[in-house]
1. Given Cα pairs under 8 Å that are at least 6 residues apart, what percent is the relative contact order of the range 252-377?
2. List 43, 275 from most exposed to least, where exposure is judged by having the fewest other Cβ atoms within 10 Å.
3. Sorting check: for 289-298, 138-147, which peptide has the highest mean count of neighbouring beta carbons within 10 Å, and how do the rest follow?
4. Distance in nm between label sites at residue 322 and residue 29, each 7 Å beyond Cα in the beta-carbon direction?
5. Mind giving me the FRET efficiency for residue 197 and residue 120? R0 is 22 Å, r the Cβ-Cβ distance, nearest 0.05 is fine.
6. With +1 on each Lys and Arg Cβ and -1 on each Asp and Glu Cβ, how big is the dipole of the chain about its Cα centre, in debye rounded to the nearest 20?
7. Add -39500 (n - 2.57) for each DSSP H run of 4 or more in the chain, then divide by its residues: what number comes out at 222 nm, to the nearest 500 deg cm²/dmol?
8. Can you work out the PRE-style zone for residue 215? Point 7 Å along Cα to Cβ, and I want the residues of the range 319-342 with backbone N under 12 Å.
Amino acid sequence: MRYISGILPLALFVLPSASFAQMKAYIEEQPLAKTDEGQFTAYTLCNANGMKVKILTYGGIVAELWVPDKEGKLADVVLGHGSLRGYLAGHPYFGAITGRVANRIAKGKFTLDGKEFTLATNNGPNALHGGKKGFDKVNWTAERDLSADKGLVLRLKYTSPDGEEGYPGALKVVVTYTVPFAKNELRIDYSATTDKATPVNLTNHSYFNLAGHNQGDILGHEIQVFADKYTPTDDTLIPTGKIEPVKGTPFDLTQPTPIGKKIGDIKGEGDTGGYDLNFVLREGKGEKLAARVVEPNSGRVMEVFTTEPGIQFYTGNFLDGKDIGKNSAVYKKHAGFCLETQHFPDSVNQKDFPSVILKPGDTYTQTTTYKFGVAKK
Ligand code: GLA
């Protein structure tokens, strides 16, 4: 593999009837390496406020996300590696698209239309995040859409062949990242079509630390999850199939709560040293507010809106200091949190959960928007 160092000149574009914000916004293209899997490239979407999002064709990884604090100072609020080489060496899904089926499938098995399918078990006895080479490890094809009037658009495409990682059907996937010209938001639209019935559950696995990716743990962040129910699990994090109220449990995050406040009360099955659980979001049409997180010192606020019925709140319980990230950051336990908008884990084996089966002729869609701001005082 050959690595090209340095940043190539900016690819700037301006639309004819562009607003001021539109004229200031740009997408920078940075070739990273060329291998037999094609060209690996990084794209940085930078809006008129200086908000910047760096996305890699490898895994669709959100490698950097710069947003201002209450003083207007930018910080990179996602954990990740500083180089492509770092990601290729392996990592706990930092910033990546996970699929074809994000989260867990019990024992790596499911039956569809009378046929049993067997997947690789890559997480104890279960299948996790699409298998050995899930969508997080694929080099996606990228195109910038210069015609969009709403913002900077980067579209990633991948066709997962029939039988890949044991899943049926060739699945055509498009993931579109949009950063509005003047609003500090990252919107991700996912869509997929198939030629055979197959399960699909796509999400993004960014680890956030709103104080900055290298600023210690996230236990002081205040979180609110707009969910009254959750899906309890066994000790391998497979849902029991029940849907239980959060009331009276450490999972009641319906009011703003410091992440560290009840984390020590999580006991028994499903305890992996913090939150790692699917919450059942309140029902609503279109994109609904799923979670709000405030980092009190910087004042940074992130709101997550989604069309999905569930969200996995994971507090980086398995981070152990072995992942050395950007600027030599050492990511220890609880260095970041994930809010993975999704269908519920193991849905393919749970008849009472919303279905994840996509049929030929139908289109899978999911939209999630991360909105950034600062707390009003
Ligand atoms: C998901 C899972 C966690 C863990 C991480 C990756 O969030 O729910 O249990 O596997 O991915 O480390």
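Rule-based calculations on the coordinates, nothing more; no lab input. Note that the structure is a prediction, hence the values are computed from the model and not measured. In this analysis, Cβ positions are derived from the backbone assuming ideal geometry, glycine residues included, and neighbour counts consider all displayed protein chains.
1. 25 percent
2. Lowest to highest Cβ neighbour count: 43, 275.
3. 289-298, 138-147
4. Placing both labels 7 Å along Cα→Cβ, they lie 3.8 nm apart.
5. 0.60
6. 540 debye
7. On the way: 2 runs with 10 residues, N = 377.
Roughly -500 deg cm²/dmol at 222 nm, from the helical runs in the chain.
8. Of the residues in the range 319-342, none has backbone N under 12 Å from the label point off residue 215.
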